[in-house]
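Before any comments, here is the structure.
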Amino acid sequence: MDTHLVSSKYAVKTLEKALRIYTPSLREKALADFLADRCDDLGFKDIHQDEVGNLIAIKGSGEPRIMLCGHMDVVPGRIKVRKEGDYLFGRGASDAKSPLIAMLFAASSMQENEGTVIFVGAVDEEGNATGIKNLVKNKPEIDYAIFGEPSSIQKVTIAYKGRLAINLKINVENSAHASAPWLAKNAIEETATVVKDLKNNLEGGQENKTKGMMLTASLTEIRGGTSHNITPKECIATIDIRIPVDMNCNSVEEKITTSINEISSKRGIEILYSVVDETEPFEAAHNSALVRAITLAVLDVEQKRPTLIRKTGTGDMNVVGNQLKIPVITYGPGDPHEAHTIDEKVSIEEFLKGIDVFKRTLFHLKRLHGRSK
């Protein structure tokens with residue numbers, strides 16, 4: 001098949017078929033097989049599925065080497081696949097089968113010696129990121145990476161916050177009968193105070209910062225108490241901390257340790273804490289060839305510059321950018337607010353524009369990569 005002549009109709013049909021394959025996390029095999037067949041039709045080489053189920057296929061040759069990675073899994077919940085006007089409905093229509101299939105067709109346009117595209121359909125993005133962790137572990141030789149997530153055509157995500165999740169264990173030594181609460185401290189009440197003080201210590205002094213550049217600490221889980229009429233001796237709380245790109249996990253952990261030691265001695269209670277997740281923040285350099293290439297691509301298609309945004313979440317981009325030390329961005333057709341909704345949909349016009357933006361990005365990247373060497 002001449003990949004330059006892939007019709008819009010064929011692209012939309014492929015997306016529609018992909019939506020009909022229901023792929024909750026770690027049940028992506030049917031879609032991986034479907035994509036492998038499409039890659040074969042479109043002239044990709046070295047088409048294979050790795051040990052965790054990621055689909056990987058290569059197109060083109062030479063430099064630069066660009067990974068286009070979308071995820072195959074969706075959050076649970078089936079949605080009837082249907083077309084209404086310009087919209088295509090289905091689970092994953094926005095998050096993230098539209099970006100994934102747009103990447104497939106953009107990658108298929110790559111000719112020999114124009115650069116190498118590594119197209120990846122990743123597993124388990126909505127779960128424990130098994131797919132992306134395995135990709136990074138195998139240390140792929142790539143110069144740039146783009147992750148496919150719905151951003152809308154005119155927005156490019158260049159930064160994600162980092163994340164620290166910590167467990168706090170508060171122990172007050174004794175419990176008492178609820179009819180004589182003065183005989184012991186109450187671990188749940190103490191936890192409320194500890195969390196409030198720690199949150200204030202971490203979040204203080206940020207009045208002039210934008211949300212994208214703020215450190216935030218959220219109490220997300222709490223477990224304590226053994227009986228309805230006994231004051232609790234122990235309580236465990238989980239705090240989810242999001243770290244902006246001008247900070248790092250280490251400096252935040254030092255602040256947590258200092259705060260907890262102060263609160264513990266002030267209140268006369270034992271506080272133990274452990275880190276359960278640690279992901280460094282990441283931001284792609286604004287002057288990198290990748291950011292410049294996608295800016296020019298959006299200009300080509302939309303006649304206006306895209307908005308570069310910092311997101312407050314944490315994504316696969318953090319893992320790849322920090323471990324491989326390369327420019328990474330997240331981009332794709334689709335409205336991010338449609339993700340995970342009960343009637344998820346995507347604009348067909350936007351999906352087709354997404355293919356063009358990815359194609360133009362590959363074209364500009366070849367040119368700019370040569371200059372930046």
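The values are calculated or read from the model by the stated rules, or taken from the named source; none is laboratory data. Quick caveat: nothing in here was measured; it's all calculated off a predicted structure. Here the Cβ positions follow ideal geometry from the backbone for every residue, glycine too, while neighbour counts run over all protein chains shown.
What the table below lists for this structure:
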{"quantity": "Residue match in the range 56-77 (condition: among the basic types (K, R), closer than 24 Å to E338 by Cβ and touching a helix residue (DSSP H, G or I) at 6+ places or on another chain (Cβ under 7 Å))", "calculated": "no"}
{"quantity": "Only listed residue being under 21 Å from V291 (Cα atoms), at pLDDT 95 or above and assigned to a loop (DSSP other than H, G, I, E, B), chosen from I153, I118", "calculated": "I153"}
{"quantity": "Residues of the range 239-257 satisfying the condition of being more than 27 Å from K133 (Cα to Cα) and in contact (Cβ under 8 Å) with a residue 24 or more places away in the chain", "calculated": "K255, I256"}
{"quantity": "Among (1) outside the structural domain of P150 (by TED's automatic domain parsing); (2) modelled with pLDDT under 95 - the single one A217 does not satisfy", "calculated": "(2)"}
{"quantity": "Matching residues in the range 115-141 - criterion: being over 28 Å from E338 (Cβ atoms) and either among the hydroxyl-bearing types (S, T, Y) or crowded, with 18+ Cβ neighbours inside 10 Å (or both)", "calculated": "G115, T116"}
{"quantity": "Strands (runs of 3 or more DSSP E) wholly inside the range 304-373 that include at least 2 residues being under 27 Å from V6 (Cα atoms)", "calculated": "328-331, 345-347"}
{"quantity": "Subset of the range 254-291 (residues that are buried (at least 17 other Cβ atoms within 10 Å of the Cβ) and not in a strand (DSSP E or B))", "calculated": "I256, S259, I260, I263, I269, E280, P281, A284, S288, A289, L290, V291"}
{"quantity": "Residues of the range 45-61 satisfying the condition of being over 15 Å from S109 (Cβ atoms), in contact (Cβ under 8 Å) with a residue 24 or more places away in the chain and in contact with a strand residue (DSSP E or B) (Cβ under 8 Å, 6 or more places away or on another chain)", "calculated": "D50, N54, L55, I56"}
{"quantity": "Long-range neighbours under 7 Å by Cβ, at least six apart or interchain, first residue farther than 20 Å from T193 by Cβ within the range 206-235, second among the polar types (S, T, N, Q) and modelled with pLDDT under 95", "calculated": "K211/T312; G212/T312"}
{"quantity": "Matching residues in the range 123-144 - criterion: being closer than 21 Å to R91 by Cα and in contact with a strand residue (DSSP E or B) (Cβ under 6 Å, 6 or more places away or on another chain)", "calculated": "E125, G131"}
{"quantity": "Flag for N200 being assigned to a helix (DSSP H, G or I), within 31 Å of the chain's Cα centre (by Cα) and farther than 15 Å from L168 by Cα", "calculated": "yes"}
{"quantity": "Any pair with Cβ under 6 angstrom, 6 or more apart, that starts in the range 66-84 at a residue that is free of Cβ contacts under 8 Å to residues at least 24 places away in the same chain and ends at one that is assigned to a strand (DSSP E or B)", "calculated": "R82/F89"}
{"quantity": "Number of positions in the range 226-251 that are surrounded by 16 or more Cβ atoms within 10 Å (Cβ to Cβ), touching a helix residue (DSSP H, G or I) at 6+ places or on another chain (Cβ under 8 Å) and assigned to a loop (DSSP other than H, G, I, E, B)", "calculated": "5"}
